[in-house]
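The values are calculated or read from the model by the stated rules, or taken from the named source; none is laboratory data. None of the values given here were measured: they were computed from a predicted structure. Positions of Cβ are generated from backbone atoms using ideal geometry, with glycine treated the same way; all protein chains shown enter the neighbour counts.
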Amino acid sequence: MESRLRLDRKIDELYQDILKMGALVEEAIRRAVEALSATDEQLARTVIDGDGLIDALHLRIEDSGTHVVALEQPVASDLRGIITTMRIASELERIGDHARHIARAVGPMPPELLDSAVTRIGAMAHRAAQMVHDALTAYVDGNVDAARAVARRDDEIDAAHGELRRRLIEIMQKRPDLVEPALELAFVSRFIERVGDHVTNICEWIVFARTGEHVELNG
């Protein structure tokens, strides 16, 4: 009984850490794009500096999860949950990296791009951040159907990325002087598109935790 209570406590600590990490990652995405839209380099710096805390939580979850698996002898369902938590932490860490990359792109931007491309990027980022939030809600609830629904929304981000990419190519063809900043925004758009991919991976791990099956969502 005591060992079960200890295991439950350690698993709960893992869950709490993953929720903290998810909240930080979601906020990092929102702040990075806000900084890009407002050309706010100070806000961008907070995103860059804050990535260290996300990385630290990732390492703590990895260490704690490994310790629990090695020493607490979890049963199969517990083991799937622990593995899922560790894998989700890895995906969140990568999303945090993308937010940092977006923040590093913050700087003076031609009005022509601010008025069109950056607005579209903001809409994409809002969708991506909401996907992170909703995926973690599905994780907490153990809701497989909700996880599958979140993963399907990645198509919206993919479509927006493709549309923006075409728009930026048109701009570069017409305005050679805007090639460099347009390319910068194309990379930013790609980072956000990758966030959707990582959230899809998170949703796949949620399905695994509940069913024991590895599935490919939104493939």
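Observations on the structure shown:
- Odd one out for VAL68, checked against (1) at pLDDT 90 or above; (2) over 13 Å from the mean Cα position of the chain (by Cα); (3) among the aliphatic types (A, V, I, L, M): (1)
- Which numbered condition THR39 misses (of (1) among the β-branched types (Val, Ile, Thr); (2) crowded, with 17+ Cβ neighbours inside 10 Å; (3) closer than 30 Å to SER116 by Cα): (2)
- Residues within the stretch 77-93 that are more than 19 Å from the chain's Cα centre (by Cα), under 11 Å from PHE208 (Cβ atoms) and of a type in the set (Val, Ile, Thr), tallied: 0
- A residue that is touching a Gly at 6+ places or on another chain (Cβ under 9 Å) and more than 25 Å from THR200 (Cβ to Cβ) occurs somewhere in the stretch 164-181.
- Taken together, PRO176, PRO74 contain a single residue that is farther than 28 Å from ALA23 by Cα and not aliphatic (A, V, I, L, M), which is PRO176.
- SER77 passes every criterion in (1) outside any helix (DSSP H, G or I); (2) surrounded by fewer than 17 Cβ atoms within 10 Å (Cβ to Cβ); (3) modelled with pLDDT under 85 apart from (1).
So that you can scan it fast, the table gives a plain yes or no per residue for (1) touching a strand residue (DSSP E or B) at 6+ places or on another chain (Cβ under 8 Å); (2) more than 23 Å from ARG30 (Cα to Cα); (3) without any contact (Cβ under 8 Å) to a residue 12 or more places away in the chain; (4) part of a helix (DSSP H, G or I):
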position: GLU156; (1), (2), (3), (4): no, no, no, yes
position: GLY162; (1), (2), (3), (4): no, no, yes, yes
position: LEU168; (1), (2), (3), (4): no, no, no, yes
position: ASP177; (1), (2), (3), (4): no, yes, yes, yes
position: PRO181; (1), (2), (3), (4): no, no, no, yes
position: GLU184; (1), (2), (3), (4): no, no, no, yes
position: VAL188; (1), (2), (3), (4): no, no, no, yes
position: PHE191; (1), (2), (3), (4): no, no, no, yes
position: GLU204; (1), (2), (3), (4): no, yes, no, yes
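- Residue check: GLU91 meets all listed conditions (1) at pLDDT below 95; (2) under 24 Å from ASP134 (Cα atoms); (3) not polar (S, T, N, Q) but one, namely (1).
- Of everything in the stretch 84-143 that is assigned to a helix (DSSP H, G or I) and among the polar types (S, T, N, Q), the residue that is farthest from ARG31 (Cα to Cα) is THR84.
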